[in-house]
Amino acid sequence: MINLSDPSCQPTNSGVVEEDTTMFSMGVKKGDFSLNPEASPLDLDSASVKAEFQFQEGKRGAALVMHKPQRDFIPQGGVIGIIHEANQLKDKYLVDSILKCPAYYFYLSNKSEERISLALTASLTGVAANEEASVDWWTDAEAGFFRQAFDKAGQNCYTPIYTLKCRPQPSMRGTEEQLTEDNLGLECIPPWKILDEDGNELHEETDDMRARKFTDLIRQTSSKWANWDPAIEIKVGDYGMINRQSGDLEAQGSIYDAAFQESLNQQGFTIDLSDTSCQPIRGAVEEDIVMSSTVTQEGDFSLEPEDPFTSAKAEFQFQEGKRGALLVMHKPQQQHIPQGRVLSIIHKANQLKDAYLVDSTLTCQGYYLCLSNKSGERISLSLRDSLDWWTDAQAAFLRKAVDKAGQYRYTPLYTLKHRQNSLLARLFRGEESEETEDDLWLDCAPPWQPLDEDGTEEQVWEESDEEFSPRSAVEGSLPFA
């Protein structure tokens with residue numbers, strides 16, 4: 001039996017008020033307070049707390065300052081040993097100690113390499129001779145997220161820090177091990193996975209995430225859509241939707257299918273898409289093309305006549321901490337829907353409502369694509385005899401292929417259009433202006449929000465009086481394509 005209302009079981013403290021305590025995360029540097037007292041309205045000479053912190057660029061940093069903290073804890077030697085089997089504590093966390101204080105300041109950086117100063121001090125301005133100076137926190141922080149409070153009566157009103165225990169499973173203790181409070185209460189681990197710099201749980205990277213990130217980087221560079229698996233055929237005239245998770249085109253049909261032509265006839269459109277004048281136009285074979293994202297530095301790319309066995313070679317340096325995308329196409333050739341008639345007629349077809357239309361493709365005899373892994377890797381590649389790719393890349397995610405017969409089997413790039421609302425087009429164009437294909441068909445924007453370096457949609461951070469917390473962009477107010 002135990003009576004927890006007995007004074008011997010009640011929370012106790014050491015009776016000692018500790019020195020002001022500062023805690024900060026890895027990567028944060030605590031410096032000397034350097035504000036000039038002569039140029040300040042603050043009584044810095046009497047300041048009980050002064051601190052300065054330097055935060056790291058691109059990384060979240062945390063700092064916590066507690067003024068005159070005092071520790072309360074469950075008394076040792078009996079309470080934990082008795083209550084650990086209580087039904088209410090099964091699968092629960094127990095607060096076994098706290099640090100309370102009359103004043104605190106905490107700060108979360110915004111990854112901008114900011115430097116902040118803070119002090120708990122009195123103001124010298126606006127104080128009459130017979131009045132006490134007003135004491136409160138002063139800070140020059142502007143960029144990050146911070147909270148601060150000071151109880152003018154000196155009461156321990158705030159609890160910035162506490163410790164948690166949980167009771168172990170029976171299998172975690174040896175049968176002959178003596179039971180003590182140390183093995184009856186284990187330190188609690190967070191119930192979340194490892195967090196990224198914005199507080200999101202890191203998930204295992206999937207091929208879909210890599211595909212979407214690669215597609216997004218190439219689209220930013222070229223305004224074209226990348227095909228993560230170029231061996232999957234994408235044809236001019238295909239229409240469908242973009243998979244939001246992978247960035248892949250999910251084709252629902254083609255404007256050159258017999259079923260689409262029949263539907264056009266039923267809708268009263270007078271066009272025969274099987275006519276030669278309406279079929280995709282094939283362009284000339286181009287020189288080898290290299291595309292790379294903005295964080296990729298390209299070295300020499302050259303055709304070397306003195307080496308007849310090497311048709312192309314290149315070298316690339318990726319930026320550390322950033323994803324970089326690279327695409328090389330060997331002897332690419334463009335195909336596109338002929339301009340001037342086809343798109344002007346079919347834009348009102350029922351099947352193309354809310355659909356994306358492939359209006360051009362780049363096919364090639366061989367391709368090399370690579371997505372860096374943020375390690376700052378440097379890679380070299382070459383195509384020998386137009387038969388196979390050589391590369392020294394080891395850390396990145398890459399795909400490569402060459403058709404040894406010289407066939408155009410691969411489609412690394414394509415462009416997408418979606419039809420413009422006719423009313424909106426007239427409003428922007430004016431009633432008397434003649435409609436063009438550019439008026440009727442717009443380039444497609446991705447159906448996802450901006451992506452982080454791992455291909456995950458970024459979240460919207462909201463500041464409120466209650467808490468700083470991320471809110472999913474899906475639940476937010478940002479527009480979607």
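The values are calculated or read from the model by the stated rules, or taken from the named source; none is laboratory data. Keep in mind that what you see is a predicted model, and the values were worked out from it rather than measured. For neighbour counting, all protein chains shown are included, and Cβ atoms are generated from backbone atoms with ideal geometry for every residue, glycine included. Heads up: the accessible areas ignore ligands, DNA and RNA and are worked out on the full protein's heavy atoms, side chains in. Shrake-Rupley method; radii C 1.70, N 1.55, O 1.52, S 1.80 Å.
Based on what the data block shows, is R60 assigned to a strand (DSSP E or B) and at pLDDT 90 or above? If you could, list the steps in order and put the result at the bottom.
Values: assigned to a strand (DSSP E or B): no; at pLDDT 90 or above: yes.
When the stated conditions are applied, R60 does not pass them.
Identify all residues within segment 49-108 that are open to solvent by less than 40 Å² (accessible area, probe 1.4 Å), without any contact (Cβ under 8 Å) to a residue 60 or more places away in the chain and over 30 Å from K152 (Cβ atoms); write none if there are none.
Answer for segment 49-108, where residues must be open to solvent by less than 40 Å² (accessible area, probe 1.4 Å), without any contact (Cβ under 8 Å) to a residue 60 or more places away in the chain and over 30 Å from K152 (Cβ atoms): just A86.
Taking the criterion of being in a loop (DSSP other than H, G, I, E, B), open to solvent by less than 40 Å² (accessible area, probe 1.4 Å) and of a type in the set (F, W, Y), would at least one residue in segment 225-234 satisfy it?
Checked against the condition, which is being in a loop (DSSP other than H, G, I, E, B), open to solvent by less than 40 Å² (accessible area, probe 1.4 Å) and of a type in the set (F, W, Y), segment 225-234 yields at least one hit.
Does S117 satisfy the condition of being closer than 22 Å to A141 by Cα, in contact (Cβ under 8 Å) with a residue 60 or more places away in the chain, among the polar types (S, T, N, Q) and not in a helix (DSSP H, G or I)?
In short, yes.
Within segment 276-304, work out how many residues are in a loop (DSSP other than H, G, I, E, B) and either modelled with pLDDT under 95 or within 18 Å of R219 (Cα to Cα) (or both). Please lay out each step first, then the result.
At the first step, the residues of segment 276-304 found to be in a loop (DSSP other than H, G, I, E, B) are 279-280, 286-288, 293-295, 299-301, 303-304.
From what's left, either modelled with pLDDT under 95 or within 18 Å of R219 (Cα to Cα) (or both): 286-288, 293-295, 299-301, 303-304.
Summing the residues that are in a loop (DSSP other than H, G, I, E, B) and either modelled with pLDDT under 95 or within 18 Å of R219 (Cα to Cα) (or both) in segment 276-304 gives 11.
Give the residues of segment 194-224 that are polar (S, T, N, Q), closer than 20 Å to R399 by Cα and either open to solvent by less than 40 Å² (accessible area, probe 1.4 Å) or under 16 Å from the mean Cα position of the chain (by Cα) (or both), sorted by residue number.
Passing the criteria: T206, T215, S222.
Can you report the number of residues in segment 342-385 which are in a loop (DSSP other than H, G, I, E, B) and more than 32 Å from the chain's Cα centre (by Cα)?
Total satisfying the criteria: 5.
Could you please find all residues in segment 410-441 being open to solvent by less than 60 Å² (accessible area, probe 1.4 Å), modelled with pLDDT of 75 or more and part of a loop (DSSP other than H, G, I, E, B)?
Q420
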